[in-house]
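S.K.: Below is a structure I'd like to ask you about.
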Ligand code: FEO
């Protein structure tokens, strides 16, 4: 084991580089992005992130991944400080997402002789990124690349972790496994390694849930392939600290979490073209909405799929979502689409989306084919022509949740009926007030009737709210989000309660016909509320079927000092 103190190059206060030797002839260049506060649409970052790149020196030299384009100046300078870029023989692309491949074009510009190594699809994607001819070597799982001096690199296919084109790289000499996104975390600090597990637990889990859990079966397949390698002594991830001290524990967590997820009875197969228009982000939003109901989502790129995999995934799934491919990719996507249509069964539910307007394959003939085959449409086709906004993602998220609820309805009803009668009634005697939570983000807004609300702190003031995991407003109540808690008044709440208890269609305006005014934090205040309190989410605890959301309180007002809070008296405790 080599543990060298990293040298730090300070660039600005918040973009820095750390360089460290991590094994014989092996160097990590970590681009530290201290202030990045959001990654994709899925989650806010509390601790920034890092983009890790690696130099392996045998008789030949390989660079594994590069960095985000925002690090262009400092990364290239740091790289040049470590190695003459002209001496790099291979550039291994674990996948083509820009946080790792953002500087590939610049490196090729400096050394056009480099051979770029990656999965077939990764190199297809890369062609569109670099816009110039380059030397390439397509590798498959199990294939090896000998750098000399014992550094024999073996590639392991890991599709969907977290892009369809992902490969891992294993160095037989140092026994380091380079996994890029997998086993990573968005955690930026000076430590090269995972010394302090306590510090990392939360970020490791959140990262897994956002990036890996939607592809739990793919995680298990990749772990199986990794299990066939000789011993792995380090995992060199693309984000956050490298894993060495807690390797067995952290890999074990991936296995356990993924097995639990894959055991879920229902799966949705989500097919789309990953780098076309906005389909990646829309697919993620739909997957996020489905995931709220506990249903597993398996995603597959329509271009990369082998037809037998498409058939097996379609047949195993309870639901199917298809993002329409562009007509220009007809040749590549027609066979998978036909396979999906031929393998779909009448007990399945489906949903369709399109992102490129006229560019897309027509959605309606496919819709008609699936309906004729007896499949149930879970949400109307989502047709996005303009650049997506928050409300577009809200529409996708809520459509996904509708699909998940169609698939889990029977189970939810059975669960509701299964509670012991006496206990059920006793639980029903727990009462709470009646409240409406309101929130907005960009051009999207949401609301929910709540009664599981309690004061939870005095200094500073804080409250907890239990929010069911499949509620639409859950997406508006992540750490850092702001919302308003509207307190309903005894004797004047029935119409508001009825309104907000209605089942809304995906993306439907919750406030139509309701009088509101904006709070300081931008969320709507219900004009008829007895009181309102402006809140900001501080932390969330995961319960079984609810999130317990703890929020600080910024300000609030009461409209009538004599008014009393409406109380929610219930008869049973197993549903609202
Ligand atoms: Fe960290 Fe999938 O990029």
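S.K.: From the Cα gyration tensor of segment 8-261, with a ≥ b ≥ c the square roots of its eigenvalues, which class applies: rounded if a/c is under 1.5, or else prolate if a/b is larger than b/c, or else oblate?
M.R.: Judged from the Cα gyration tensor, segment 8-261 comes out rounded (a/c under 1.5).
S.K.: Could you tell me which of rounded, prolate or oblate describes segment 478-572, using a ≥ b ≥ c as the square roots of the eigenvalues of the alpha-carbon gyration tensor, with rounded for a/c under 1.5 and, failing that, prolate when a/b is larger than b/c and oblate otherwise?
M.R.: rounded
S.K.: How far is helix 330-343 tilted off the main Cα axis of the chain, in degrees rounded to 10, range 0 to 90?
M.R.: Relative to the chain, helix 330-343 is tipped by roughly 50 degrees.
S.K.: I would also like to ask the following. Any chance you could check the Cα centroid distance between segment 152-205 and segment 543-575 for me, in angstrom?
M.R.: Cα centres, segment 152-205 to segment 543-575: 42 Å.
S.K.: For 311, 503, 429, 510, which order do you get if you count the other beta carbons within 10 Å of each Cβ and list the fewest first?
M.R.: Working: 311 16, 503 7, 429 11, 510 19.
Ranked by crowding around the Cβ, least crowded first: 503, 429, 311, 510.
S.K.: What is the angle, in °, between the Cα long axis of helix 247-263 and the longest principal axis of the Cα atoms in the chain? Nearest 10 is fine, range 0 to 90.
M.R.: 50
S.K.: Now for a separate question. Which whole-number percent gives the relative contact order of segment 8-261, counting Cα pairs below 8 Å spaced six or more residues apart? Before the final figure, lay out the partial values.
M.R.: Details: 548 pairs, mean separation 40.6, N = 254.
RCO, segment 8-261: 16 percent.
S.K.: Next up: Calculate for the chain the 222 nm mean residue ellipticity that helices alone would give, adding -39,500 (n - 2.57) per DSSP H run of length 4 or more and normalising by residue count, nearest 500 deg cm²/dmol.
M.R.: So the helix-based figure for the chain works out to -9000 deg cm²/dmol.
S.K.: Right, something else. Among rounded, prolate and oblate, which fits segment 264-415 when a ≥ b ≥ c are the square roots of the eigenvalues of its C-alpha gyration tensor, a/c under 1.5 means rounded, and a/b larger than b/c means prolate?
M.R.: oblate
S.K.: Rg to Rh for segment 433-483: what is it, with Cα atoms only and Rh by Kirkwood?
M.R.: Values: Rg = 11.5 Å, Rh = 11.8 Å.
Here the Rg-to-Rh quotient is 0.97.
S.K.: If you count the DSSP beta bridges with both ends in segment 136-261, what percent of them are antiparallel, to the nearest 5?
M.R.: In segment 136-261, DSSP labels about 70 percent of beta bridges as antiparallel.
S.K.: Roughly what would the spin-label model give for residue 113 and residue 456, points 7 Å off Cα along C-beta, in nm?
M.R.: With each label placed 7 Å out from Cα toward Cβ, I get 6.1 nm.
S.K.: Could you calculate the FRET efficiency of residue 128 with residue 511 from 1/(1 + (r/R0)^6), where r is the beta carbon distance between them and R0 is 25 Å, rounded to 0.05?
M.R.: So, using R0 = 25 Å, E works out to roughly 0.05.
S.K.: I would also like to ask the following. Place a label point 7 angstrom from the Cα of residue 423 along the Cα-to-Cβ direction, then list the residues of segment 535-576 whose backbone nitrogen is under 18 Å away.
M.R.: 544-546, 571-576
S.K.: Taking Cα pairs under 8 Å and at least six residues apart, what relative contact order does the chain come out at, in percent?
M.R.: 9
S.K.: So if I restrict to the alpha-carbon atoms in the chain, what is the Rg, and what is Dmax, the biggest pairwise distance, in Å?
M.R.: 25.6, 83
S.K.: Over segment 264-415, what relative contact order in percent results from Cα pairs under 8 Å that are six or more residues apart?
M.R.: 31
S.K.: Subtracting the Cα-Cα distance from 0.36 nm times the residue separation, let me have the gained length for residue 245 to residue 562 in nm, one decimal.
M.R.: The span from residue 245 to residue 562 would gain 108.1 nm if fully extended.
S.K.: Post the alpha-carbon centroid distance, segment 70-141 to segment 435-491, in whole angstrom.
M.R.: Answer, in whole Å: 46.
S.K.: Starting at 0 and stepping by 10 Å, how many percent of the alpha carbon pairs of segment 216-271 end up in each bin?
M.R.: 20, 48, 24, 8
S.K.: Taking Cα centroids, how far is segment 218-257 from segment 391-430 in Å?
M.R.: Here the answer is 35 Å between Cα centres.
S.K.: Then there is this: Quote to one decimal, in nm, the extra length available between residue 575 and residue 327 on full extension: 0.36 nm per residue of separation minus the C-alpha distance between them.
M.R.: 84.6 nm
S.K.: Using a Förster distance of 25 Å, how high is the FRET efficiency between residue 201 and residue 225, based on the Cβ-Cβ distance and rounded to 0.05?
M.R.: So, using R0 = 25 Å, E works out to roughly 0.40.
S.K.: Further, regarding this structure: What is the fewest-to-most order of 154, 474, 542 by other Cβ atoms lying within 10 Å of their Cβ?
M.R.: Ascending number of Cβ neighbours within 10 Å: 542, 154, 474.
S.K.: Got a sec? How would 36, 132 order by Cβ neighbour count within 10 Å, fewest to most? Don't skip to the end; give the middle numbers.
M.R.: Details: 36 21, 132 10.
If I rank by nearby Cβ atoms, fewest first, I get 132, 36.
S.K.: Based on the Cα gyration tensor of segment 148-215, what are the three equivalent ellipsoid semi-axes, each the root of five times an eigenvalue, rounded to whole Å and given largest first?
M.R.: 24, 19, 7
S.K.: Which length gain, in nm to one decimal place, applies between residue 469 and residue 371 when the Cα-Cα distance is subtracted from 0.36 nm times their residue separation? Kindly include the intermediate steps, with their values, before the conclusion.
M.R.: On the way: separation 98, 0.36 × 98 = 35.28 nm, distance 2.96 nm.
Here the answer is 32.3 nm.
We did not get these values from a lab; they are worked out from the coordinates using the rules stated. Everything quoted here is computed from the prediction, not taken from an experiment. No Cβ is skipped: glycine too gets one built from the backbone with ideal geometry, and neighbour counts run over all protein chains shown.
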